[in-house]
Amino acid sequence: MAEPPRSGGVRRSRRHQRRCEIQLQNPCRYPEAGARRLRPWLSPLIEELAPAAGSFAVRFVSDREIRRLNARFRRRDRTTDVLSFPADLAAAAAGGEAVAPEPGDPGRSRFREPPHLGDVVISVPAARRQARRLGHGVGVELRVLLLHGVLHCLGYDHETDDGTMDRLERRLRRRFIDRSPGSEANRGIPRAPRGE
């Protein structure tokens with residue numbers, strides 16, 4: 001799988017630029033998972049990695065809920081930190097929007113709805129435990145899990161790709177997490193590697 005562009009992705013003029021609709025659901029009202037904290041960080045990440053994505057959804061849940069989903073969809077009856085449900089992989093990653101003209105419609109192309117990138121589910125209690133174990137804030141851990149989930153939605157799989165996803169994730173963490181406002185890197189606190 002080709003890696004996302006390093007230089008900022010696809011450039012569009014302001015007139016033709018559209019943003020990905022990001023839905024953040026927090027039914028348990030976890031304070032660390034507030035949309036005001038995460039959307040400003042998540043929007044540029046998705047714009048760069050999946051410029052054609054029209055929508056993306058995240059749901060922050062309890063351990064019990066993620067365990068139920070993990071058992072149902074992965075047949076693993078245990079709590080996990082993040083689950084990803086990819087959607088329109090090729091279209092979201094490639095940036096293509098135009099649909100070929102239909103017969104009888106010479107020379108014109110139609111535009112379809114921008115593709116849905118996918119859905120990510122994150123256990124906030126698991127993020128809290130991991131953040132405590134790794135010595136950084138819960139907000140940083142939520143960003144790590146979001147990045148991990150986005151990469152899975154783009155088709156990367158660390159269990160089968162001989163390290164491609166892990167290398168890309170490390171590079172993107174340096175760019176989008178370690179340098180983001182409020183991260184431990186900006187306060188001089190060393191960042192521990194995430195253990196999986």
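All of the numbers you see were taken from the coordinates with simple rules; none came from a lab. Just so it is clear, the structure is predicted and the values come from calculations on it, not from any experiment. Ideal geometry is used to build each Cβ from the backbone, glycine not excepted, and the neighbour counts take in all protein chains shown.
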Taking a crude spin-label model, label points 7 Å out from Cα along the C-beta direction, the residue 62 to residue 161 distance in nm is 3.4 nm
Extend 7 Å from the Cα of residue 37 along its Cα-to-C-beta direction; within segment 69-83, residues with backbone N under 18 Å of that point are 81-82
